[in-house]
Amino acid sequence: MAPTLLLFLTVLFLSVLPVRTDSPKVKGETSITDDPTHHVFTVTIKKLKTEDSGYYWCAVEMKDYSILDEISYLHLSVTAGTPGLWVDQQEVTGVEGGHVSVLCHYNEPNSRKSGCRAGGSCVEVSSGKSGRSEIKDVSSKKVFIVTMRELNREDTGWYWCAAGKLQIPVHITVTQKTTNVITRKEL
């Protein structure tokens with residue numbers, strides 16, 4: 001049996017709005033999708049307003065509906081205008097053997113910048129390179145670029161751009177390299 005995933009929206013700890021994968025997947029402006037293959041669930045909240053800022057928590061319930069097995073807390077800050085951290089694309093596709101680059105735009109020039117694989121290693125601007133990953137800060141444009149080279153199918157997954165305490169997820173999909181075979185018909 002697949003784990004049941006929950007998101008409890010808590011605004012000022014006064015109201016709780018659960019969205020679950022074992023019930024309707026949409027409630028108002030909040031929806032949830034589950035990817036059990038990659039052990040990831042995604043919660044989307046549309047039409048955010050500044051008053052939606054607050055503390056949220058996500059939970060995974062694996063067996064008993066009364067026990068939450070895994071809980072993560074976060075603070076969502078919704079601001080008008082330009083966000084403090086954003087990416088050009090949150091879904092990036094590359095080909096085996098090739099490379100992908102993620103452009104991470106920031107507002108705070110003195111923040112610590114890094115690119116990380118969810119649950120894995122990070123590469124920071126201060127180090128510049130780690131294995132097949134490289135990061136470069138173009139401070140004049142307030143963007144840092146995270147590049148991963150020599151891609152393989154196992155690189156598919158979730159990654160983060162981080163600047164200071166801000167993070168934004170990016171999903172990278174690596175597809176199989178295709179080859180075109182041209183055959184010559186004998187006469």
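The values are calculated or read from the model by the stated rules, or taken from the named source; none is laboratory data. Note that the coordinates shown come from a computational prediction; the quantities given were computed from them, not determined experimentally. Note that each Cβ is placed from the backbone with ideal geometry, even for glycine, and that neighbours are counted across all protein chains shown. To get the accessible areas, we keep the full protein, side chains included, count just its heavy atoms, and leave off ligands, DNA and RNA. Shrake-Rupley method; radii C 1.70, N 1.55, O 1.52, S 1.80 Å.
General observations
- Dipole magnitude (debye, nearest 20) for segment 24-159, charges at Cβ of Lys, Arg, Asp, Glu: 480 debye
- Pairs beyond 22 Å (Cα-Cα), from Lys46/Lys113; Lys141/Lys165; Lys113/Lys142: Lys46/Lys113
- In this label model, Ser31 and Ala80 are separated by 2.8 nm, measuring between points 7 Å along each Cα→Cβ vector.
- Tensor-based shape of segment 109-187 (alpha-carbon gyration tensor, a/c under 1.5 rounded, otherwise prolate or oblate): prolate
- Modelled label reach - Asn152, point 7 Å along Cα→Cβ, segment 93-126 residues with backbone N closer than 13 Å: 96-98
- Each Cα pair under 8 Å and six or more residues apart adds its separation to the average, and for segment 47-168 the resulting relative contact order is 23 percent.
- Over all other residues within a Cβ to Cβ distance under 13 Å of Ser139, the charged ones net out to +2, with Lys and Arg as +1 and Asp and Glu as -1.
- Taking 20 Å as the cut-off, the amide N atoms of segment 135-155 that come nearer than this to a point 7 Å along the Cα-to-beta-carbon line of Ser127 belong to 135-138, 144-152, 155.
- Surface share of carbon and sulfur [accessible, 1.4 angstrom probe, percent] for segment 77-187: 48 percent
- Simple label model, 7 Å out from Cα along Cβ direction - Glu96 to Lys136, nm: 2.8 nm
- Principal axes of segment 38-187: Cα extent on each, largest first, Å: 73, 50, 31
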